[in-house]
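J.: Handing you this structure, nothing more for now.
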Amino acid sequence: MPAVDKLNNLYRQAEKAVDKAVDKEQIEQIRVKYLGRKGEITSILRGLSDLDPKERPAVGKLANELKNKLEAAINDKLKSLKAKPPAIEALDVSLPGKKPNYGKKHLVTQIIDEAIQIFLGLGYRVAEGPEVETDFYNFTALNTPEDHPARSLQDTFYIRGLTDPDREGEPVLLRTHTSPVQIRVMEKQKPPIYILAPGKAYRRDVADPSHVPMFHQIEGLAIDKKITFGDLRGTLEIFVKELFGEDRAIRMRPHYFPFTEPSAEVDVSCGLCKGSGCRLCSGTGWLEILGCGMVDPNVLKYGGIDSDMYTGFAFGMGVERVAVLKYGLDDIRMLYDNDQRFLEQF
């Protein structure tokens, strides 16, 4: 009987394989090979109808017997594997231990903390506000015209289907700067006001060496009686020298911002060439660092402050840009690539 001989051979093969198996995975492979839905012993049982009627009873009986014996052998082997204690690796206690890697503050966080400490020393306090803002606080109260490009869908992340119920359904968006914090503080606090507002901001920028769609800003605001542009310049000079070094200088260039008048861009002298001109500063000797200006009277009015009695200044800087300038990075995206070799340098 060829079928009987085949069954006996299959069983002997399976029995040897079970005996040599060293783990559950190998046992499972044997079970599938011989007893699975498409297993070799199972296939013989399913093919009984194709055999000679005289062979069927003997082959069927033997196949079931061998199937039961193989299942019992597999179960016994599994029990013995469970009872066997796991192998213990030799441990050489004289070898030096493995030093774990400790986490550190990210470079962006380090710069924010450093800036906060500088301004705390000047009498400022830290203020925070929501990252999901209303059109009023992000644009209108900051004297931004209705047709300003920053209000367009190309520049700002608007949240579809969400509106401000307090102001006739005005749009809701991801704040494009941390300046809305200034308005919220002015609404709740009477002058004098000296605050620093660090946090995340969002713009529809394509990631490239100098832009990312999510970035960090630090906004500063000072409102008091007889605040002048000279106070602004003096404050920024102290900040730059504390952050970049005593040998660094600043210069201010006229500029335009909707929420300040007059406004200026602030440059810091290049730390690589010391102002003589190099590749980093494009040969100018200066690097742009932040924008600033005297708070526009309209903004003071939106904040509920008498612009005839009080004046103030505001400034804002991108933290990632400060990191690029301070450490000579050539690609802002390096800050968010999570390359441990890069981050460990700071």
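The values are calculated or read from the model by the stated rules, or taken from the named source; none is laboratory data. Owing to the predicted nature of the structure, the values given are computational and were not obtained by experimental measurement. For neighbour counting, all protein chains shown are included, and Cβ atoms are generated from backbone atoms with ideal geometry for every residue, glycine included.
J.: Answer yes or no: is there a residue in segment 118-136 that is touching a Ser or Thr at 6+ places or on another chain (Cβ under 8 Å) and outside any loop (DSSP other than H, G, I, E, B).
T.: no
J.: Please work out which residue is nearest to the chain's Cα centre (by Cα), limiting yourself to segment 50-98 and to residues that are aliphatic (A, V, I, L, M) and at pLDDT 80 or above.
T.: Looking at the filtered set, the residue picked out is Leu95.
J.: I've got another one for you. Does at least one position in segment 55-62 carry a residue that is assigned to a loop (DSSP other than H, G, I, E, B) and either on the phi > 0 side of the Ramachandran plot or basic (Lys, Arg) (or both)?
T.: No, there is no match, as no residue in segment 55-62 is assigned to a loop (DSSP other than H, G, I, E, B) and either on the phi > 0 side of the Ramachandran plot or basic (Lys, Arg) (or both).
J.: Let me ask something else. Does segment 153-201 hold any residues that are closer than 15 Å to Pro213 by Cβ and not in a strand (DSSP E or B), and which are they?
T.: Once the filter is applied, which keeps residues that are closer than 15 Å to Pro213 by Cβ and not in a strand (DSSP E or B), segment 153-201 yields Leu153, Gln154, Asp155, Thr156, Phe157, Arg175, Thr176, His177.
J.: Looking at (1) surrounded by fewer than 17 Cβ atoms within 10 Å (Cβ to Cβ); (2) touching a residue at least 12 places away in the same chain (Cβ under 8 Å); (3) within 28 Å of Val108 (Cβ to Cβ), which is the one condition that is false for Phe313?
T.: (1)
J.: Given the options Ile116, Ile112, name the one that is buried (at least 17 other Cβ atoms within 10 Å of the Cβ), of a type outside the set (Asp, Glu) and assigned by TED's automatic domain parsing to the domain that holds Phe244.
T.: Just one listed residue meets the conditions, Ile112.
J.: Does Asp113 satisfy being modelled with pLDDT of 80 or more and either under 51 Å from the mean Cα position of the chain (by Cα) or not hydroxyl-bearing (Ser, Thr, Tyr) (or both)?
T.: Yes, satisfied.
J.: Would you confirm whether or not segment 40-50 contains a residue that is part of a loop (DSSP other than H, G, I, E, B) and either in contact with a Gly (Cβ under 6 Å, 6 or more places away or on another chain) or over 30 Å from Arg125 (Cβ atoms) (or both)?
T.: yes
J.: In segment 202-248, how many residues are of a type in the set (Ser, Thr, Tyr) and part of a loop (DSSP other than H, G, I, E, B)?
T.: Residues flagged as of a type in the set (Ser, Thr, Tyr) and part of a loop (DSSP other than H, G, I, E, B) within segment 202-248 amount to 2.
J.: Another one. Would you check which residues across segment 201-235 are among the hydroxyl-bearing types (Ser, Thr, Tyr) and closer than 14 Å to Thr260 by Cα and list them?
T.: Thr228 - this is the single residue of segment 201-235 that is among the hydroxyl-bearing types (Ser, Thr, Tyr) and closer than 14 Å to Thr260 by Cα.
J.: Return yes or no: is Lys200 assigned by TED's automatic domain parsing to the domain that holds Leu122 and in contact with a His (Cβ under 7 Å, 6 or more places away or on another chain)?
T.: yes
J.: Still on this structure, please answer the following. Counting just the residues of segment 152-179 that are among the charged types (D, E, K, R) and within 13 Å of Tyr202 (Cα to Cα), which one comes out surrounded by the most Cβ atoms within 10 Å (Cβ to Cβ)?
T.: Among those residues, the one meeting the criterion is Arg175.
J.: Moving on to the next point. Residues Ala72, Ala141: which one is part of a helix (DSSP H, G or I), small (Gly, Ala, Ser) and surrounded by fewer than 19 Cβ atoms within 10 Å (Cβ to Cβ)?
T.: So the residue among Ala72, Ala141 that is part of a helix (DSSP H, G or I), small (Gly, Ala, Ser) and surrounded by fewer than 19 Cβ atoms within 10 Å (Cβ to Cβ) is Ala72.
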